[in-house]
Structure formats: C-alpha cells, structure tokens
2 protein chains.
Amino acid sequence: MRNLAILGSTGSIGRSALAVVDEHPARLRVVSLAAGENADLLAEQAARYRPQLLAMATAGAAARLRDHIGTAVPVAEGAEGLVAAATHPDVDLVLCASAGTAGLEAALAAIEAGKAIALANKEILVMAGEVVTAAAARCGVPILPVDSEHNAIHQCLHGRPRGEIRRLVLTASGGPFRTHSREAMRAVTPAQALDHPTWRMGRKITIDSATLMNKGLEVIEARWLFDVAADRIDVVVHPQSVVHSMVELTDGSVMAQLGVTDMRLPIQYACSYPDRWETSIPSLDLTRLGQLAFEAPDHERFPCLALAYRVLREGGTAPVVLNAANEVAVAAFLAGDLPFMGIPEVIAHTLDAHETGPAASLQEVRAADAWAREWAAAFARGVELRG
Amino acid sequence: MRNLAILGSTGSIGRSALAVVDEHPARLRVVSLAAGENADLLAEQAARYRPQLLAMATAGAAARLRDHIGTAVPVAEGAEGLVAAATHPDVDLVLCASAGTAGLEAALAAIEAGKAIALANKEILVMAGEVVTAAAARCGVPILPVDSEHNAIHQCLHGRPRGEIRRLVLTASGGPFRTHSREAMRAVTPAQALDHPTWRMGRKITIDSATLMNKGLEVIEARWLFDVAADRIDVVVHPQSVVHSMVELTDGSVMAQLGVTDMRLPIQYACSYPDRWETSIPSLDLTRLGQLAFEAPDHERFPCLALAYRVLREGGTAPVVLNAANEVAVAAFLAGDLPFMGIPEVIAHTLDAHETGPAASLQEVRAADAWAREWAAAFARGVELRG
C-alpha cells in the first residue's frame, strides 16, 4: 500500500492520478489532496477518496470547501496548507502537480520530510534544479518523473549507469503550429493555441506546447533529473507522440519508450516504481498507426527552444528568469494582451536585461523570479504597444 | 579481456565479429576460429588474429588451410574440430555463427564446458530449444542473442522480471517482396530473392528473409530465449529495420531498441554485456530517416510465418521438421529446382506427413531432422515436377 499526497488534485494530472487510484484501490491510498481554487471538485474528491487532510490555495477557497464538507476533514490553506498536505506523517509519495511555481516550497518540504517525489510540475526543477536535486540527494529521496518524456527516459535508463548515456532525445509533438508559416504564427489566437493535437492538458502547458517552450522547460528538467549536460540533450519533433522519448547509449544503441498518449501511464509508473501494474489502458497498435514521423525542430519559428538552451549555458538564475518571464508572457497572451510571437520576445528581452547570479538557495531563486516577473510584465506592455 | 571462439568466422556474422575485435583489441582476444570451406580467408584471419586453434568443416578444407599456414597453428577438422574450437580451455565466450545445423553439437559442448554463448545461429534453438536451454540452465551459462531482433529484446528487458512481459514484438523488414502480388511472387528468381532491402547477410538467411521464414524461426528462437509462449510473440512488418524489436510490458508501456542496421552493434553488445563500449558505428538520425512505417504481415503471401506458429503449437519435433524441410526447400530453390512459393508448400507437406514426438534429447532431434530432410527432398522433387 502506497500512501499518496496529491498536490494539484483538481488539475489534469491530479484527476488522472485519481483515475490510477481508482484502478488500484488495494495498492494506493489517498492521504491528502491539495488544490488551487476549485472547491467544488475538491469536495467531490474528498467525499470519494476520504483523505485525512485537504488544502486550498486561498482562505476564500478553503472557506467554500468547508461550506461543502463541514468539519469531517481538516482544511488547510495557503502555502502552509500545501506544505502540510505534502508532509502529512502518513504520506509516502507526493505527486507534485500543482501548476506554476506554487509547489516548489511544498516539494522541498516533502523532500526534507523524506517523502518520495513524483514530479509533474516541471517549474520546480526549472527554477530550483540545483536546490531540489541537492536536497533529494542529501535526504536520499527519489525524484520520479511524471512528465511523459522524462518518465520515458527513466524507463529507458532502468538502472543503466550514467556513463552509458551518450545522448537523451526528447520527442515533441510540435504543437498545433508545427506546419504554420512564420506569418501565420504572428496571427495565432489563444483559442487556436489551446487546441493541442495529441495531449489534453491545462491552459498554461498547452500554450507552452504551442511555443515549444514546454519542450525547452523539459530540456532543463532533463538536465537536472538525469545529470546530463545540455549539449547531450536533443529534441526531435514527432507529431504522433507515440515515441515518448529516447536514450542513445555509448554503443550507438537507442532505447525508446512508446505507448498510447494517456497520462495515467507515466503517473501509474511513478506510483508503482520499481514494479509495474496491469492496467486497463489499451495496448499500442503500431500497425493501425502505420507511420511515425520525425523531423528536426525549427528554431526560427520556435525561438523558445533556443532560449531554453541559452539559459542552460548561462546557468545560475537564468532558467528562473526564463520560467518567470514565460509565465508572465503566456498569461498576457491568454488575456489577449500579447501576440503569440511576443512570448519569446518578452522572454529574450527579460534575459537580456538580467545579470545572471547563483541560484543555490531558495532566496536567490525567489529574488530572480520576482525581478523577472516585474521586468517581463513591463516588456509585455511594451511589446503589446508595438504589437 | 574476453577470450573468443568464433564458429563461422568467414561468414557474414563472423567477419563482423572480427571487425568488433579490431575496434576493441584491449578487450577482446581471438582464441579459436572455425570455418566451413573457405580456407583462403581463414588463413588470412589466422595471420591477423593469431588464434591458438583453427578448425575447418572438412578434411579437404583443413588440408588447404595447412598448405597456407604451415604448422604454426594446429588445424582441427570436421564436427570434432568445431567442438575443439568451441571448448578450448582459454575460451570464455563462444560466438555460434556457423550456418545451418552444424553448430548445434559444438554449442552444446561449449555449454557443458561452461562457456558463455553468443548465439547467431538460430537453428540451434529452433531445433533443440528444449535441450539447449535445459543444458544452459543446468550449467549456469548465459545465452546472449546476437540476432538483431533478439538482441533488441534482450536490451529492452535489461533485468526486468519475466512477469512484466505482456508481449514481445519482433520487427520484420518484410523482405524484397513485401509489396509483391501473389502472382509476382510465383515468378521470383533466386537473384531477386537474394537482393535484401536493408541487411547484407548470407544466402540461406537472405532467402529466409524473403519468405519471412527467418521471422518464423526468430519467433521460435524468442520462445526459448525469453521463455514466452507463442501467442504472446507478435511480428510487425517495419520496412526500415530501424526499430529492431520491442517488448510490451504489463502496464501497456512499450520498450523498443533502435539503431542503424549494422550487425557489429548486436555482436559487440553480446561481447560487452553487461557493459557497453563506445564504437565508431554512426548514431541513428531519425530526422534524416523521416518516417518509420509499420504494417501487419500478410500470412497469405507469406505462409512460412504461419507455419512457424503452427510448429510452436505442435511442439516436440515439429520445429525440427520445419527447420530441416526449410533448409532442403531453400537449397532446391537456390539450385533452380523449386519455385519460390514451393518453399512453404514443401514445408507444409513435410509437417503434414510428420508424427510429432518429443524433442528432449539430441537423438530425438537428429532422428526428426534426418527424417524431415528425406521427406522434404522427395516433396521438393514432386513440387518441382508440378511447378
């Protein structure tokens, strides 16, 4: 029996995680659930999974939740509430799936409390890869990747020594604008960008998929998860999203993990690891798919990918700035205040204005994050005026 | 330092194995070399690799070899010579790559002598899977597959427990007649059948690739190597031969091994296992390939594949009969004495006439083999008369 904390239980990943719990009630037990603002859904989840602790991002949402469920289960709130959900004494494994940067402190607290981490919130390693991996190493805590690509690489490596890795190859669907001209991309609307061809996900990550920033963040995440330098991490566009990622080994052999596009698969593997459990998820039928395509990414139409490699070269606070500027720019785009191709522009301007420093402590990370949000917002307004 | 016996050193696999030795002179040493009739090439190899023992299939070939090299290195001959090469006291690893059924006794002798086996001669397991795997288990000797497909599965499994296997998926190039009509296949000449689209191999195995019997033999081989029932071994046609094979695990995840089509890769892995060594073999570039295609095999145009599943269901001596009848039929086809589509016909007739018995001893295997060769030859003459 594995005892779970699910941080972000009302989001796309969180709901898939609960579907995995549904299929394995004798193996997985929900100890705590944390969500942002969606009190209605968290109340439903609480009634069904009977956790010992609930947490909501704000006092208002917590109050709405208490209105629903009464006093049967304690409801914590805010950043402290998220930490309480992550560090509940009965929890073995914390699924970090809260959107954005909110989950970083909770993840660190969970690591310090000796909990295993199933990591679905990539911003945690993008912002604080050095801090988080150092803490995990010190506390002897595994970080199990839930992102389909990193989960695939984790499966491909499967105990192979680091010295056998020649290259990691992250696959990218290419997003909805893979075949768009540069001109067509300038006219992209939020509705178009939210229509992802292969994966159903939250809004922020869907926009990141459309700009390929999601893949850029994954390159940064892979650098920390697998301790591999950026120049040995490649991205290949693979529109069918069937090959979830690959590892090239020192003898030229390539191991790949394939499967249907269903997030329950990597979530379950993170929960079952090092075992595997039967599922009702259908088998992959390659003969029905017929063709798998692969192409190099176009860095000109998708400058976000090059920006990710740039911040890995610069190191320190540069990835923090990239991540914060991207969050600001994506929010501005979704609000209709920034054109689609303004997203990489805002990030590049913010990086240009930033003086990279060390990111070895949470204080340094937070300061760079705050600085970048302010500057990116200013640049976004500027770009909007020009746009 | 690993000390090698190479049985079949003048054939395609043997020469690739020596190319692997060339690249790793500090890791691999050639102790003994055995060949069939090609005394000229074995003399060259002896001069270069300075083995301690040579062996040739016949007294005549051994005499020609002695003419070349004098008395510097002992030259053994016949079946005993092959056994002597396989069991030389200094040998750690025996590469079984002699064509056809000749290497079975030598492989068994090597196993009894405690040598690790790198298996490239698939007839050994097709004929005597029960005998050979029982001996290997008893002697605690690993059988490392060299066939590209089984080597791929071995890499995909990489220490994963048997209970995690849902399905093995062997890929098949489909051979040169993948898109031929049934009528066009009736008119196929030996020259056409010898022109394989992706792999350069010996004549017998190239014909087996054209009929898909090679894949059928591989299904039987996989059954013994990985102890998986035939109904959990699938074949998928994949013309590019880039995905060398796959394993579907219990959670629906599929692990695949990919690489360039170069036999040095699986040979080296069998030599380096459980380690991996750097090579000069080029990396796989999926973006240059662009597309990978997958389709179901056509059992009507390629009846040899269905025959292989049939003998696995029948068990006992049935695979021995399949293998022997196929060797006879392929030889008749290459001699111009049997039409291409006569090959499965001869095999099916021979199987129909055979009464399946146990194949738990070498005597039983040999008797079924001899019986099948006689009947298949008779059927081949009959088919030729009708053809």
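The values are calculated or read from the model by the stated rules, or taken from the named source; none is laboratory data. Computed from a prediction, not measured in an experiment: that's the story for all the values here. Ideal geometry is used to build each Cβ from the backbone, glycine not excepted, and the neighbour counts take in all protein chains shown. Heavy atoms of the whole protein, side chains included, go into the accessibility calculation; ligands, DNA and RNA do not. Shrake-Rupley method; radii C 1.70, N 1.55, O 1.52, S 1.80 Å.
Annotation: amide H-H contacts under 5 Å for residue B:166 (H modelled 1.01 Å from N, sequence separation of 5 or more, or interchain): B:248, B:249, B:250. Across the identical copies, the 7 Å label point of residue B:187, projected outward along Cα→Cβ, sits 5.4 nm from its counterparts, in ascending order. Screening chain A for whole DSSP H helices of 27 Å or more along their axis (Cα) with average Kyte-Doolittle hydropathy at least -1.0 returns A:362-386. Here the protein assembly as shown has 52 percent of its accessible surface on carbon and sulfur atoms, given a 1.4 Å probe and all protein chains in place. Residues of region B:246-266 that bury at least 40 Å² of accessible area once all protein chains are present, compared with their chain alone (1.4 Å probe, heavy atoms only, ligands and nucleic acids left out), are B:250, B:251, B:253, B:254, B:255, B:256, B:258, B:265. In plain terms, if you count all Cα to Cα distances in region B:127-190 and split them into 5 Å steps from zero, the share in each step is 3, 12, 14, 16, 17, 10, 9, 9, 7, 2, 0 percent.
For chain B, the solvent-accessible area works out to 37 Å² per residue, with a probe of 1.4 Å and every protein chain left in place.
For chain B, the mean residue ellipticity at 222 nm estimated from helices alone is -15000 deg cm²/dmol, where every DSSP H run of n ≥ 4 contributes -39500 (n - 2.57) and the total is divided by all residues, rounded to the nearest 500. If both residues of a DSSP beta bridge must be in the protein assembly as shown, then about 35% of such bridges are antiparallel.
Tell me, what does the Kirkwood hydrodynamic radius of region B:250-378 come to in angstroms if you use every pair of distinct C-alpha atoms? Computed over region B:250-378, the radius equals 18.1 Å. Report the B-A buried area as the accessible area lost on both sides summed, probe 1.4 Å, in Å² to the nearest 100. Heavy-atom accessible area buried at this interface is about 3500 Å².
Taking the label point as lying 7 angstrom from Cα along the Cα-to-Cβ axis, what are the distances from residue B:274 to the corresponding position in the remaining copies, in ascending order and in nanometres? Shortest to longest, the spacings are 1.0 nm.
Here region B:151-386 is treated with +1 on each Lys and Arg Cβ and -1 on each Asp and Glu Cβ, and its dipole about the Cα centre works out to around 220 debye. Averaging over all projection directions, the Cα-based convex hull of region B:157-205 occupies 5.6 nm² in the image plane.
Note that chain A shows a convex hull volume over its alpha carbon atoms of 137 Å³ per residue.
Any chance you could tell me what percent of the C-alpha pair distances in region B:56-194 go past 19 Å? Please list the in-between numbers first.
Details: 6180 of 9591 pairs.
Of all Cα-Cα pairs in region B:56-194, 64 percent lie more than 19 Å apart.
Distant-in-sequence amide contacts of residue B:55, defined by a placed amide H-H separation under 5 Å and a gap of 5 or more residues or a different chain, comprise B:33, B:34, B:35, B:76.
Secondary structure note: in chain B, about 30% of the DSSP beta bridges are antiparallel. Ranked from largest, the principal axis spans of the Cα set of the protein assembly as shown equal 92, 50, 50 Å.
The same position residue A:315 in the other copies lies at 6.3 nm from this copy, comparing label points 7 Å beyond Cα toward the beta-carbon, shortest first. Residues whose amide H falls under 5 Å from that of residue B:338, counting only those 5 or more places apart or on a different chain, are B:333, with hydrogens built in the peptide plane.
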